[in-house]
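**Student:** First, the structure itself, so that you have it in front of you.
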Amino acid sequence: EKFTEKYFIKPFQSINIEDVQINNAEKDSMPLEQKIKFSIPVSSSGDYQYFSLNMFTGLETNPFVADTRYSDIMFGYDQNYTVYGNFTLPEGYTFEELPKNMRMIMPDTSIEFSRMMQADGNMLNVRMTLEFKRPYYLTDEYDEFKEFYKKLFATLNEQIVVKKVRP
């Protein structure tokens, strides 16, 4: 309950958590899995409603926005994130044009990001992967790193637009 409150309810005040499952928390050789069944009100404008897929990732805000970097970036370890999402629209709504499936790679191939999504009726299936193949980045690599992060967060925060279907 404390975990759910801290990481899901507190950052998203209007969320309704129906179920949380944590798998492999005691197995450090396996990926940590968090399965969350939830509902949340979405923003709207007229017949259109929209929401972001970038929830619960820990990547909600870009920490690399400074123009100049004076120290190396040290994550301490390689990282690999995979986010799967299945979103169901209520009756009477349909998806507008979805953001494009895409893949981004740093020029030195040390970071890769991909986003794949497919809508089928009122269901949207999403898979996003982010892989860091190096644990550190030098200050003289900061400009490329910062630009990649800028594009990454713009992509992560793209809105999914749905429209109310008129009878």
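The values are calculated or read from the model by the stated rules, or taken from the named source; none is laboratory data. Keep in mind that what you see is a predicted model, and the values were worked out from it rather than measured. Virtual Cβ from ideal backbone geometry, glycine too; neighbours counted across all protein chains shown. Ligands, DNA and RNA are stripped out before the accessible areas are found, and what is left, the full protein with its side chains, is counted by its heavy atoms. Shrake-Rupley method; radii C 1.70, N 1.55, O 1.52, S 1.80 Å.
**Student:** Mind counting the residues in region 114-141 that are part of a strand (DSSP E or B) and under 20 Å from GLY76 (Cβ atoms)?
**Tutor:** Here the count works out to 5.
**Student:** So the check is Cβ under 6 Å with 6+ separation or different chains; which pairs have a first residue in region 137-154 that's at pLDDT 95 or above and a second one that's open to solvent by 40 Å² or more (accessible area, probe 1.4 Å) and in a helix (DSSP H, G or I)?
**Tutor:** Between residues of region 137-154 that are at pLDDT 95 or above and residues that are open to solvent by 40 Å² or more (accessible area, probe 1.4 Å) and in a helix (DSSP H, G or I), there is no close pair.
**Student:** Quick check on GLU144: is it touching a Pro at 6+ places or on another chain (Cβ under 9 Å) and either outside any strand (DSSP E or B) or closer than 25 Å to SER44 by Cα (or both)?
**Tutor:** yes
**Student:** Taking PHE75, is it of a type in the set (Phe, Trp, Tyr), loosely packed, with under 14 Cβ neighbours inside 10 Å, in contact with a Phe, Trp or Tyr (Cβ under 7 Å, 6 or more places away or on another chain) and closer than 30 Å to PHE3 by Cα?
**Tutor:** yes
**Student:** Let me ask something additional. List the strands (runs of 3 or more DSSP E) that sit entirely inside region 14-91 and contain at least 1 residues that are free of Cβ contacts under 8 Å to residues at least 40 places away in the same chain and not acidic (Asp, Glu).
**Tutor:** Answer list for region 14-91: 16-23, 33-39, 43-45, 79-88.
**Student:** When you scan region 1-27, how many residues do you find that are loosely packed, with under 12 Cβ neighbours inside 10 Å and touching a Lys or Arg at 6+ places or on another chain (Cβ under 9 Å)?
**Tutor:** The total comes to 3.
**Student:** Restricting attention to region 137-162, which residues are in contact with a strand residue (DSSP E or B) (Cβ under 7 Å, 6 or more places away or on another chain) and loosely packed, with under 14 Cβ neighbours inside 10 Å?
**Tutor:** LYS151
**Student:** Does any residue of region 98-107 turn out to be open to solvent by 40 Å² or more (accessible area, probe 1.4 Å) and on the phi > 0 side of the Ramachandran plot?
**Tutor:** No, region 98-107 contains no residue that is open to solvent by 40 Å² or more (accessible area, probe 1.4 Å) and on the phi > 0 side of the Ramachandran plot.
**Student:** Of all residues in region 119-130, how many are open to solvent by 70 Å² or more (accessible area, probe 1.4 Å) and modelled with pLDDT of 95 or more? Let's see the steps before the verdict.
**Tutor:** Pass one, region 119-130, residues open to solvent by 70 Å² or more (accessible area, probe 1.4 Å): 120, 127.
Those still in the list that are modelled with pLDDT of 95 or more too: 127.
Number satisfying all stated conditions: 1.
**Student:** Filter region 50-72 down to residues that are more than 16 Å from VAL126 (Cβ to Cβ) and among the polar types (S, T, N, Q) and give me whichever is surrounded by the most Cβ atoms within 10 Å (Cβ to Cβ).
**Tutor:** It comes out as ASN62.
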